[in-house]
């Protein structure tokens, strides 16, 4: 069971790393989601897997049964899923706005923040270069 | 009373965030609420600091769950100092944000996000739980995402995407490390972790998780080689936002490194000490060289944030009481100075019409107050005596020499010189040389002028106070270092006396 978990997490993280290296922002975002899933599964596996005994104290007993499931990782994963979902939603909206503003989701073709401040009127050269790259693509 | 003070720095911004969000349509009312909350937060953090200095560490168990089951809030000397600095910065930036462009910013939602950011930062400084630290990181992060792209310009969208993508990956690494640490130790409470960590059988795996934590915190603190998001994004933010980012965000990463590696990984210092030392040196050098190459005030200042982070890591790298005291003093001094420089940069832009050094000039004649407001933090940043930066650098370098880390001390000295070069470059170009084009006439209204200069003067005052009246600050830093190195004291304060059985049940 643990080996299965380890393998799954490994595949997820590897796929995430591959996607995150792409210049396409949507791929990068998917990579983040996969990486988050890998992290969540790690937490889940960290808190003991393989038991079906619910973490409830039986009537009359003082403590949990010895092989009861661990409820804490589930609470942690739940928190992490909610946070990850919020972040992914925000990042998706940001990418959409960027797509509307730049007409592309390729990180390479967004170079607005790299321009020096004294180019008050946008210099024609970078725009032409972008156009040239697009044609080449 | 102590418990109320403990949660006040988190609850006040939370309330301010909620109230300002409800006043969405009324920016003027939002600003008043925001300002009142910033004042209240500063007072609360000062009271908390007095409490810590008087009565030692303040510990609270949320929901009365005994540690290590619930979430503990722990405020020691370092946390209290960081909280006070957060309060000072919150107030300074809240005033500054009432100046130029306040109306548009507040319509875009500046106030709720700003207070959410303060809440995240205060939470990260107060918590005594690793997973809770992750949650506060995320609170801070999501608020900073919103603040960074507040004006929704193309430039900000581009910078925002770089910032968001790299930080998302950084925090996921944090989450992964939390999972691994929990799997190895069965606990997430920092005090309990400190107790259990040396007894863990698989020290290799624990060190690997520690390295993941270092990567996650290092990405947040913008250390070499994980700093690329910072110069790619900070200069695009509007000036109050850039100032609060420069003051607090990277320092949360530094704080997390100091906390976790003096407490949980202290037993593994033989591994992490050299790593941190090399990272600190590389961060100092790369940051200062990056700054030397640029001719835009905001970019120069952004690179200097990175460079200065290196000094703050020296303490954890050496782990001697003096070195850690140096780091603490340096963080306190640096936050004030760096935020002030960004505030000044905003005023320079308004007065001189640009951030580009090439197009600036003649500001010393046109605005002497601005010139002094720049000189004090700039010279302090470079470490000119008797300003605050000199004392910070003095303690750090002396600690380096005493620990026989001569290379580290030498690099720190050389980087100080190059910092001076960058600051003099800004001074010569923006203030000293003749203006290349006519300056805009009378840029500020009366109220804007006050809102712009009051925080600059306030922060200059703090810098001068630390510089001329160093004794109490240095003594405080030494106390903070002593508390940080007293792991047994921290564990006993959080867990109480019989922690052993509790932890067994938890596992």
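Identify, please: which residue in segment B:311-355 is modelled with pLDDT of 90 or more and outside any helix (DSSP H, G or I) and is, among those, surrounded by the most Cβ atoms within 10 Å (Cβ to Cβ)? Out of the qualifying residues, it is B:319.
Counting only helices (runs of 4 or more DSSP H) that sit completely within segment B:356-472, those holding 2 or more residues that are under 27 Å from the mean Cα position of the chain (by Cα) correspond to B:368-382, B:388-402, B:406-426, B:446-468. Do we find that residue A:17 is at the interface with another protein chain (Cβ under 10 Å from one of its Cβ atoms), surrounded by fewer than 17 Cβ atoms within 10 Å (Cβ to Cβ) and either touching a residue at least 24 places away in the same chain (Cβ under 8 Å) or in a helix (DSSP H, G or I) (or both) in this structure? Taking the combined requirement at face value, the residue satisfies it.
When restricted to residues that are under 15 Å from residue A:83 (Cβ atoms) and out of contact with any helix residue (DSSP H, G or I) (no Cβ under 6 Å at 6 or more places or on another chain), segment B:114-132 contains 1.
At least 1 residues being modelled with pLDDT under 95, buried (at least 23 other Cβ atoms within 10 Å of the Cβ) and within 14 Å of another protein chain (Cβ to nearest Cβ) is the threshold, and among the helices (runs of 4 or more DSSP H) wholly inside segment B:212-269 those reaching it are B:229-233, B:239-244. The single condition from (1) under 30 Å from residue A:74 (Cα atoms); (2) more than 14 Å from chain A (Cβ to nearest Cβ) that residue B:136 fails is (2). Counting only residues that are in a loop (DSSP other than H, G, I, E, B) and within 12 Å of chain B (Cβ to nearest Cβ), segment A:62-89 holds 7 of them. Considering each residue of segment B:345-357 in turn, at least one proves to be more than 14 Å from every other protein chain (Cβ to nearest Cβ) and over 16 Å from residue B:243 (Cβ atoms). Here is a list: A:26, A:92. Which entry is closer than 30 Å to residue B:152 by Cα, at pLDDT 90 or above, within 11 Å of chain B (Cβ to nearest Cβ) and assigned to a helix (DSSP H, G or I)? Selected residue: A:92, the only one of A:26, A:92 that is closer than 30 Å to residue B:152 by Cα, at pLDDT 90 or above, within 11 Å of chain B (Cβ to nearest Cβ) and assigned to a helix (DSSP H, G or I). Screening segment A:38-61 for residues that are within 10 Å of chain B (Cβ to nearest Cβ) and part of a loop (DSSP other than H, G, I, E, B) and picking the one that is nearest to residue A:20 (Cα to Cα) gives A:47. Each residue in segment B:56-66 was checked for being under 13 Å from residue B:5 (Cα atoms) and in a helix (DSSP H, G or I), and 0 pass. With respect to residue A:35, is the statement that it is crowded, with 17+ Cβ neighbours inside 10 Å, in contact with a helix residue (DSSP H, G or I) (Cβ under 7 Å, 6 or more places away or on another chain), more than 9 Å from chain B (Cβ to nearest Cβ) and at pLDDT 90 or above true? For residue A:35, the condition - crowded, with 17+ Cβ neighbours inside 10 Å, in contact with a helix residue (DSSP H, G or I) (Cβ under 7 Å, 6 or more places away or on another chain), more than 9 Å from chain B (Cβ to nearest Cβ) and at pLDDT 90 or above - is not met. One residue stands out among those in segment B:147-205 that are within 9 Å of chain A (Cβ to nearest Cβ) and not in a helix (DSSP H, G or I): the one that is farthest from the chain's Cα centre (by Cα), which is B:186.
Any chance segment B:328-345 includes a residue that's over 21 Å from the mean Cα position of the chain (by Cα) and touching a residue at least 12 places away in the same chain (Cβ under 8 Å)? No, there is no match, as no residue in segment B:328-345 is over 21 Å from the mean Cα position of the chain (by Cα) and touching a residue at least 12 places away in the same chain (Cβ under 8 Å).
The values are calculated or read from the model by the stated rules, or taken from the named source; none is laboratory data. Here the structure is a predicted model, which means the values were calculated and not measured. For neighbour counting, all protein chains shown are included, and Cβ atoms are generated from backbone atoms with ideal geometry for every residue, glycine included.
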